[in-house]
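The values are calculated or read from the model by the stated rules, or taken from the named source; none is laboratory data. Fair warning: this is a prediction, and the values are worked out from it, not measured in the lab. Glycine gets a Cβ as well: all are built from the backbone with ideal geometry, and neighbour counts include every protein chain shown. Just so you know, the surface numbers come from the protein's heavy atoms only, side chains and all, with ligands and any DNA or RNA stripped out. Shrake-Rupley method; radii C 1.70, N 1.55, O 1.52, S 1.80 Å.
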Amino acid sequence: MSSSSSAIESVLVENRVFEPDARAREGARIAGMDAYQALCDEAAKDFEGFWARRAREQLQWTKPFTKTLDESNAPFYQWFADGELNASANCLDRHVGTPVENKTAIIFEADDGTVTHVTYKELLARVGQFANALKAQGIAKGDRVVIYMPMGVEGVVAMQACARIGATHSVVFGGFSAKALQERIIDAGAVAVITANFQLRGGKEMPLKAIVDDAVAMGGCDTLKTVLVYERTASAWNRVEGRDKTFAEVLAGQSSECAPVPVGAEHPLFILYTSGSTGKPKGVQHATGGYLLWARLSMQWSFDIRPEDVFWCTADIGWVTGHSYIVYGPLAAGVTQVVFEGVPTYPHAGRFWQMIERHKVSVFYTAPTAIRSLIKASDSDAKVHPKNWDLTSLRILGSVGEPINPEAWMWYYRNVGGERCPIVDTWWQTETGGHVINPLPGATPLVPGSCTLPLPGMQAAIVDETGHDMPNGSGGMLVIKRPWPSMIRTIWNDPERFKKSYFPEEMGGRIYLAGDGAVRDAKTGYFRITGRIDDVLNVSGHRLGTMEIESALVAKTDLVAEAAVVGRPDDLTGEAICAFVVLKRGRPTGEEAKAIANELRNWVAKEIGPIAKPKDIRFGDNLPKTRSGKIMRRLLRSIAKGEAITQDTSTLENPAILDQLAETN
Ligand code: WT7
């Protein structure tokens, strides 16, 4: 494989192509590249027919749709709009009376290693009972419910129960701060928050309910009436009378049968907040029908899921990966899956491998950042190396959330997959709802570090600023040229921002702009993602806006005058956050600088969450600005990387500041 750009060649250390082996190919849904191409051709010839056929095959509709795609109000595309269905019925009820009914749906492994099995039938009963409990609290179709839960069966049940009654859930990752939670409760107009007293991770008990209290105490959560508390641990928590109820209290006496409420295909199944290039997170709104179609079908295509598989996606339900590949996709596909409460390094960094052996996991889906940290751990302690466990149950490996560097790819392929398991490197986003570009395990020859080719029906392309195709071998902006069923419908409360962020006028207003840079290989057309082209960072697979972190820093008004945040490459976390800060008092040095940097890190953790803590904080008397007052971020990026400044600095107001900022403290 060759690449025309030298920047690309310098990161490509592995040029071999790995063909799917016989085991992956045999019996695969899409076996071989001809089969893949045939599906792509079908979509090219009859785009709407292609999707209509899939929607009819994949989902159970209570009212069949007659119109597939409505583009009349583009870019507010609608799919299957006159059809009706229920997402929870399509994940649970559909298996009743089939062999899946008595199959294990969830193998739950708690932080302390305790294992619980829940069958599909049992899960349906638990979801039904919880749905009845929600109804008894006055929660109804169209209401928004915030879920702030640990990883566990209860979180999955809460999400499915919302879907069952047509309530729109908005899950907030358990690592987000009270402030972040408050903003989301207000923006979504949530009537209820579902939470736990504590969460258990890595042997530690961490509060959740107390953070909900802090969020509400910040004010503005006027729509919120009910807080439901799952008592995960025996530890005491503070009850707000009239508002807080335990799971046990609301579930008592509720029947486990609850008829699923049919909703229109475009009914918002969920809102999930994610970072954009401005300070305020975006509420990405997904529609029931199109989203669920793709959650189920992409499970089948990307992982070639088979009835005997044990699937394990290590994501948290607070991210889109947990929505599509824990809560909706696997259940809709009727697969057995592992749900894990804990962290990969507790009680030791071999936990993942131990769990794969214990539960005979056959399809394993995780993030490059986890792989990189486990490589590091097993380099320094041979006892946690994957070779200590029997991983022969594995059939397929997946990667998600950030580019996987070829070194990590090769290690994963050899040491985890035993050189027999294809690695499915999946490129997608919160906004895309499910996979967009990735290899098919029974078809696509693999190249380490490349997510290969778009899935059938996904019109991914690389274009210039005006929306014109770039030739293979030249980098450009990653776009999706035609709408797809699981696409974002709008930004909750902000349709203008939706149009502006994703469908730029300069490209004609109908092409989806992903926000990533990419390049296609000159010969094979394989995609390689080169990273975000906007002010969004990817730290350990977590998406964060630089402006969001800047806003958090300048909100410390007693201390901070100005702040600029950029990313720099990091071997372990992919990118690291680097903040340049001007204080209201003089520029600190030495011990004082260290102390203030720590204070600011803790402040950011409180404003957003620990994942947003800047790794580097540098203080300056001011920031490099042009004469018109614009901060020159590209210079800051060079300084953050420790590079010599080679760019033109003649437009700088204050060139001397560069040397000062380059000094580390
Ligand atoms: C951003 C989306 C994908 C769901 C979880 C993250 C980056 C994601 C890959 C990949 C290179 C990737 C992109 C994208 N990204 N997967 N396989 N290779 N980059 O969803 O939080 O919405 O983040 O993650 O930059 O835009 P998200």
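Here region 1-150 is treated as an ellipsoid with the same Cα gyration tensor; its semi-axes, largest first and in whole Å, are 37, 28, 20. Roughly how far apart, in whole Å, are the Cα centres of region 400-463 and region 187-216? Here the answer is 34 Å between Cα centres.
If a spin label sat at a point 7 angstrom from the Cα of ASP112 along the line to its beta carbon, the backbone N atoms of region 224-240 nearer than 12 Å would be those of 233-235. Between LYS121 and PHE76, residue separation times 0.36 nm minus the direct Cα-Cα distance comes to 12.4 nm. Run through every distinct alpha carbon pair of region 598-659 and return the Kirkwood hydrodynamic radius in angstroms, one decimal place. Taking every pair of different Cα atoms in region 598-659, averaging 1/r and inverting gives 13.2 Å.
Of the beta bridges DSSP finds with both residues in the chain, what % are antiparallel, to the nearest 5? Antiparallel bridges: around 60 percent, rounded to the nearest 5.
Over region 116-265, the alpha carbon radius of gyration divided by the compact-protein estimate 2.2 N^0.38 Å works out to 0.99. Based on the convex hull around the alpha carbon atoms, region 177-284 presents an average projected area of 9.6 nm². Between the beta carbons of GLU643 and ASN602, assuming R0 = 30 Å, the FRET efficiency works out to 0.55 to the nearest 0.05. Rolled with a 1.4 Å probe across the full set of protein chains, the surface gives ARG358 an accessible area near 120 Å². Taken over region 214-259, the alpha-carbon convex hull comes to 123 cubic angstrom per residue.
As a size descriptor, the averaged projected area of the C-alpha convex hull of region 109-153 was calculated at 4.1 nm².
Treating each Cα of region 353-424 as an identical point scatterer and summing with the Debye formula, the log10 of I(q)/I(0) at q = 0.11 Å⁻¹ comes to -0.23. The convex hull around the C-alpha trace of region 137-200, projected and averaged over every direction, spans 4.2 square nanometres.
Note on region 265-403: Cα-only Rg and Dmax are 16.5, 51 Å. Sites listed here are GluC sites (Glu not before Pro) in region 180-281 whose DSSP assignment is loop and whose Cβ has at most 13 other Cβ atoms within 10 Å: GLU241, GLU257.
Compute the whole-percent fraction of alpha carbon pairs in region 519-665 spaced more than 20 Å apart. Beyond 20 Å sits 50 percent of the P(r) for region 519-665. In this structure, the amide hydrogen of VAL424, modeled 1.01 Å from its nitrogen in the peptide plane, lies closer than 5 angstrom to those of LEU397, GLY398, SER399, counting only residues at least 5 positions away or on a different chain. Full extension of the chain between ALA140 and ASP222 gives 27.8 nm of extra length, using 0.36 nm per residue less the Cα-Cα distance. Per residue, the convex hull spanned by the Cα atoms of the chain measures out at 159 cubic angstrom. 3J(HN,Hα) along region 209-215, derived from phi through the Karplus expression 6.51 cos²θ - 1.76 cosθ + 1.60 where θ = phi - 60°, amounts to 4, 4, 6, 4, 4, 4, 4 Hz, with x in place of Gly and Pro.
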